[in-house]
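Throughout, read-outs are computed from the coordinates displayed, never taken from laboratory work. What you see is a predicted model; the values in this text were computed from it and never measured. Quick reminder, even Gly has a Cβ in these numbers, built from the backbone with ideal geometry, and neighbours come from all protein chains shown.
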Amino acid sequence: QVQLVESGGGLVQAGGSLRLSCAASRIIFSINAMGWYRQAPGKQRELVAAITSGGSTNYADSVKGRFTISRDNAKNTVYLQMNSLKPEDTSVYYCNAEVVPAKGFAGYDCWGQGTQVTVSS
């Protein structure tokens, strides 16, 4: 089973920036869609941003213009550049990907362990 390994979370002041990274733990055939979700205490997990294998993106309205999702297909890695951070962005951020383990195999859903992002006011 492939694991997604996240990094880049931390504590930042409002208005600051952070960059999250998420990479597959081992070599795989390919990854279809990739995305970042977040979940704050007492709230449901929500989609923050997603990117297809072709590079098409979509964002939650709350982060449009501030966050940018990108991917490096050669490295099976997805990034989330977060600028102009607000206290309401404080959450655990989770990476998600549809992983294809080998040619001819169906893709399956895979999640990272989560990384904490805290924005102080």
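Expected output is a single nm value to one decimal: the length gained when fully extending between Gln81 and Ser7, i.e. 0.36 nm times separation in residues minus the C-alpha distance. What is it?
25.4 nm
Say R0 is 30 Å: what FRET efficiency, to the nearest 0.05, do Ser121 and Asn73 get from their beta-carbon distance?
Working: r = 38 Å, r/R0 = 1.25.
My answer for the efficiency is 0.20.
Measuring nothing but how far apart in sequence close Cα pairs (under 8 Å, 6+ apart) lie, relative to its length, the chain scores a relative contact order of 36 percent.
A Cβ-based charge dipole, computed about the Cα centre of the chain with Lys and Arg at +1 and Asp and Glu at -1, lands at about 140 debye.
Over 29 Å between C-alpha atoms is what I'm after, so list which of Lys43/Lys86; Lys64/Lys103; Lys75/Lys103 land there.
Result: Lys64/Lys103 exceed 29 Å.
Tell me, what is the FRET efficiency for Ser53 and Ser17 to the nearest 0.05, using R0 = 30 angstrom and their Cβ-Cβ distance as r? With a Förster radius of 30 Å, E is 0.65. Here the scattering of the stretch 35-98 is modelled by Debye summation over its C-alpha atoms, one equal scatterer each and no solvent; at q = 0.17 Å⁻¹ the log10 of I(q)/I(0) is -0.57.
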